[in-house]
Amino acid sequence: MSERLVFGSEHDFLHKLEELVKSGVNPRDIEIFAPHPVHKAEEILEMKPSFVRTFALIGGLTGAATGYLLTSLTALDWPLPVGNKPIVGIPPYTIIAFELMVLFGGLSAFLGFIVTSRMPAIRTIISQDEFRDTFEIHVRKG
Amino acid sequence: MGIRLNPMRWLLASVIVAAIAFGADRVLEPAAGGAITIAAALFIGLAEGAICLMAGAEISDGHWHRPLLPRAASLVYVIPVGALLFLVNIPQLSIYPWAEDPSGWLSKGPFIARHVALFALVFAVARKFVGEAVRGAQRTRFWAVIYVILFVAHLSMIGIEWFMTIERPWFSTLFGAFVMVSAFLSGICALSLTVFSWRRRTDAPSKLVQKSLGGLMFGFATFWAYFYFSQLIVIWYGNIPEETMYLAKRIGYHTPYWLPARLIFGMIWVTPFFVLLRRKNKTLAPVTSTLAVIVLSGVTMLFWIMLAPVVPVSIPLLVLLIALLTFLTASIVRSYDLLLRVPAEVVHEPAHQPAHSH
Amino acid sequence: MAHDHAVAAAAAHPASEKRLQIERDVISAMQRPGLVYWGLVGFFATVFGVCLLGAWAYQIYKGIGVGGQMNPVGWGIYIVNFVFWVGIAHSGTLISAVLFLFRSKFRSSFNRAAEAMTVIAVMCAGMYPLIHLGRVWYAFWLFPYPNQRLLWTNFKSPLEWDVFAISTYLTISVVFFYVGLIPDFAIVKRYTRGLRRHIYSALSLGWVGSKQQWRNYNMLYALLAGFATPLVLSVHSVVSWDFAMGIVPGWHTTIFAPYFVAGAIFSGCGMVLTLCIPMRKLQKLERVMPIDHFEKLAKTMLFTSMIVGYAYTVEFILAYYSGNVYEFGVFKDRAIGHYKFAYWIMVFCNVVSPLALFIKRVRRSLGALFVISIFVNIGMWFERFVIIIQSLSHEFVPYAWGNYSPRWPEVSIMIGTFGFFFMMFLLFAKFLPVVAITEKKEEVH
């Protein structure tokens, strides 16, 4: 059993949401749908920050470490002395590490999004549920 | 911190500081060297940088900066102090190699003339801009654009002529812009410190100011590091002796400057970056104020290390000057209403209402 | 039943009407394309096939020598075009990512088209190192893979940094583009039937706009924007360091990194204007792309033009200051030597013509903006030409000076690349929503 409320305007939607939470409904029983991001709603529902950024942090650190280690260790293993540069040159290897940090960080963030949002939502694709233009509040009862 | 200054007292204070600088410099000569140059460049940079930040915010139709405007605007009165210090530093122009061996452009007379002219022009335009901005006048954006152009030109000239020519003919095309970005970052830090004067405010505009300054400090410290790295990598990679000797003298392990050089990088970028990564830290005034002091110390060391391997710089004089100028700047900020002749709390109700309310 | 009444009542709200109007405006631009459209796509596809693929095949068959590059100008217009297209790509990321971080309002009119432009331009740019390699089948040697042929990449080479930078940039740009499209695909799905509907549905990954999805999406978007911003700075800096790391006078200068980044944003703004002004007219998007936003973009273009002008000035003045005969010789030769036409076109188009943007009426006139944007595109192409080719033609030893002119395969490939670019952009304009519908909806109150 669930109560479904539909709104055309963000203002009415937020108003009702605040009302519901104040009247004692557990935020975890409320599901909302919105046609565009509504940051206020996340505040009202006391949602914790998304886990995606942990993915990004780990990815970024891995990328930077990979950049430095890949370049430095292979250079030490097989030194190719070129242009009077030191075998392990920090300035050029910093560039490689930086690029890999961004690459791994970005891809990890995307992976994190896919995983935490449980997408692709095969059931939704097949059932052809729609991403509507309205704001909706679904309250799970019982 | 600081005392209240009306225009007469400000003039008097400036002259006193300049006189102390001149006196100390003559007493310590020749060991004094570039101390006045460094102190002057630091404070001119932070004052002009702070005003440039306000100009940038005006041009891009920001609203977050309005509570900061009056105090930031008062910093325009640091520019003439810098000019006075430049004038009392004229005897020390002998530290430059071109003083003995002048060319058409780089000789004492033209050098002094053009910098005095630049100071006058920048002060006039800055004063006009801040006057318009504080009143919320229509022509604010026009003067903001003119000011930004002059800021870039002035700080580039200071960077190139005050600091780069000490090692003539060594040059780096990014040097002027590097000093300018250092100045802009100093301006952001200076504005973070002015928050002390209204630290007890917890209303929404102050929170927005605090958050914006924290974010800007993070972003521009990284931008500064980008400029630092760009200079480093080109010189490191090309490995041309005429170019590398400048860096080698300052960051090589065999020099006495190897530690300050690394400290500079640590203070201006590493510390603010890792501390401000946490979103919460950007909004805490004690954190950003402490970081501001660290960054400003780093910028001072940066200017110092540009001159120190070539000319003597008296550290006691430098510290004295920085202390005096800090007190004077704090007093100027505290007296913004007297100096700018605006009501004391023109903070939340500027005359200019934004056209679209958001 | 009651629920359907509620939905109808909600849809009748004026805010909802505005949002649905945005949807209709943008999706109507995706209607069944007519003969003129397919004709244009066909034309550009032919240009791409014949001029680019044909000439490239000829070059692979005959060898890299069919190009005009030889001593002393070993890098010709392949490299000029490479830098040109990477530069154009950067502006897209700037508009998308950097303006997002600054919460700029004028971003929403352009960001979808700009992101598309970025992805397509990076693809165009990525072709050029391969073309320039000559033996393109060895291109995989550029990547550090374990092998039995005693090959390893030289990580200290700027050309290798390029490999990492451009690969990263292409990947992140595609991801960023796609992520922005996910909610919009879900919207487009509502307006389509049959196979198209299934495709858009799959592409939207089952997006419904629930709280979990929005929360994670917002964080992802902010993170990608946060990653893309230093990427804009770093990738074009790495490209500039392809030149600055060498000791060639006119190349070996520290200002290159910020100078190139500013130039990239500048040329990209020009290309965004060149693409969006006709697109707005042809697809009747006046309501979703107001002139105010074009004016803001014009101001950005003016700002970056002044940075580029600053760089020109400082380089020239310091070359004289240095007393270095070779350095100043190169700059004198730029102004009065063999390539002076290219130099003065560059100065006029990049520094002089954008000055008109100080005048408000010019900034708000789409016709004038279009003309200036074309000048900017031309000027920035010639800037890369002057930097790369003129500097190489006039290095240290006078005996080694020599001039270069492009030969027909190079010119053909260049024309073919434009064909590819416009073909892809036309395909984007018809099959993907050209304006970020969801972001536009956020502005409705």
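Orientation-averaged projection of segment B:79-212 equals 10.1 nm² [convex hull of Cα atoms, one quarter of hull surface area]. Taking a straight line from the alpha carbon of C:LYS62, not one of the lysines sits under 19 Å away once near neighbours fewer than eight places off in the same chain are left out.
Between A:THR134 and any residue 5 or more places off or on another chain, the built amide H atoms are never under 5 Å apart. For segment C:213-240, backbone nitrogen atoms closer than 17 Å to the point 7 Å from A:ARG123 Cα along Cα-to-C-beta are found at C:213.
State which entries of A:LYS48/B:LYS207; C:LYS281/C:LYS430; C:LYS105/C:LYS296; C:LYS105/C:LYS441 exceed 18 angstrom in Cα-Cα distance in the structure shown.
On the way: A:LYS48/B:LYS207 22 Å; C:LYS281/C:LYS430 14 Å; C:LYS105/C:LYS296 10 Å; C:LYS105/C:LYS441 12 Å.
Violating the 18 Å limit, Cα to Cα: A:LYS48/B:LYS207.
Normalised by residue count, segment C:184-290 yields a Cα convex hull volume of 177 Å³ per residue. Within chain A, the selection of entire DSSP H helices by a Cα span of 27 Å or greater along the long axis and an average Kyte-Doolittle value of at least 0.5 returns A:52-77, A:90-116.
Computed on the Cα trace of segment B:1-156, the radius of gyration divided by the Kirkwood hydrodynamic radius gives Rg/Rh = 1.02.
Mean sequence separation of contacting Cα pairs (under 8 Å, at least six apart), scaled by the length of segment C:105-254, corresponds to a relative contact order of 22 percent. Estimated from helical segments only, the mean residue ellipticity of chain C at 222 nm is -23000 deg cm²/dmol, where each DSSP H run of four or more residues counts as -39500 (n - 2.57). Placing a pseudo-label 7 Å from each Cα along the Cα-to-Cβ vector at A:THR62 and B:SER60 gives an inter-label distance of 3.3 nm. Per-residue shielding of B:232-244, expressed as the average number of other chain Cβ atoms within 10 Å of the residue Cβ, stands at 6. Dipole magnitude for chain A: about 380 debye, using +1 per Lys or Arg Cβ and -1 per Asp or Glu Cβ, origin at the Cα centre. Here the spin labels are modelled as points 7 Å beyond Cα on the Cα-Cβ line, and at C:TRP344 and C:ARG149 they lie 5.0 nm apart. Here the scattering of chain C is modelled by Debye summation over its C-alpha atoms, one equal scatterer each and no solvent; at q = 0.06, 0.09 Å⁻¹ the log10 of I(q)/I(0) is -0.28, -0.62. Along segment C:346-359 the Karplus relation, 6.51 cos²θ - 1.76 cosθ + 1.60 evaluated at θ = phi - 60°, assigns HN-Hα couplings of 4, 5, 5, 5, 8, 9, 7, 5, x, 4, 4, 6, 5, 8 Hz to successive residues, with x for each Gly and Pro. What does the helix-only formula give at 222 nm for chain B: each DSSP H stretch with n ≥ 4 adding -39500 (n - 2.57), the total divided by the residues, and the result rounded to the nearest 500 deg cm²/dmol? Result for chain B, helices only: -22500 deg cm²/dmol. Working from Cα pairs under 8 Å separated by at least six residues, relative contact order for segment B:7-340 is 30 percent. Here B:LEU93 and C:ILE359 are evaluated by their C-beta separation; at R0 = 45 Å the FRET efficiency comes out at 0.55. Spin-label model, C:PHE316 to B:LEU247: label points 7 Å out along the Cα-to-beta-carbon direction sit 2.9 nm apart. Across chain B the C-alpha pair distances fall into 10 Å bins from zero in the proportions 5, 25, 35, 24, 9, 2, 0 percent.
Would you be so kind as to identify all helices of chain B, as entire DSSP H runs, whose Cα atoms reach 18 Å or more along the helix's own axis and whose mean Kyte-Doolittle hydropathy is at least 1.0?
On the way: long enough: B:7-28 (31 Å, 1.39); B:35-59 (35 Å, 1.86); B:108-135 (40 Å, 0.88); B:140-157 (25 Å, 1.61); B:175-194 (28 Å, 1.93); B:204-238 (51 Å, 0.77); B:285-307 (33 Å, 1.94); B:315-334 (28 Å, 2.33).
Those that pass (Cα extent of 18 Å or more, hydropathy at least 1.0) are B:7-28, B:35-59, B:140-157, B:175-194, B:285-307, B:315-334.
Compared with the dominant principal axis of the Cα atoms in chain C, helix C:158-190 is inclined by about 20°.
To the nearest 10 degrees, how steep is helix C:107-133 against the longest Cα principal axis of chain C, on a 0 to 90 scale? The answer is roughly 40 degrees. Kindly provide log₁₀ I(q)/I(0) values, in the same order as q = 0.06 Å⁻¹, from the Debye equation applied to equal alpha-carbon scatterers of the protein assembly as shown. Summing over Cα pairs of the protein assembly as shown leads to -0.46. Given R0 = 51 Å, the distance between the Cβ atoms of B:LYS280 and C:LYS281 translates into a calculated FRET efficiency of 0.60.
Coordinate-derived values only; no laboratory data. Small disclaimer: the values here were computed from a predicted structure and weren't measured. No Cβ is skipped: glycine too gets one built from the backbone with ideal geometry, and neighbour counts run over all protein chains shown.
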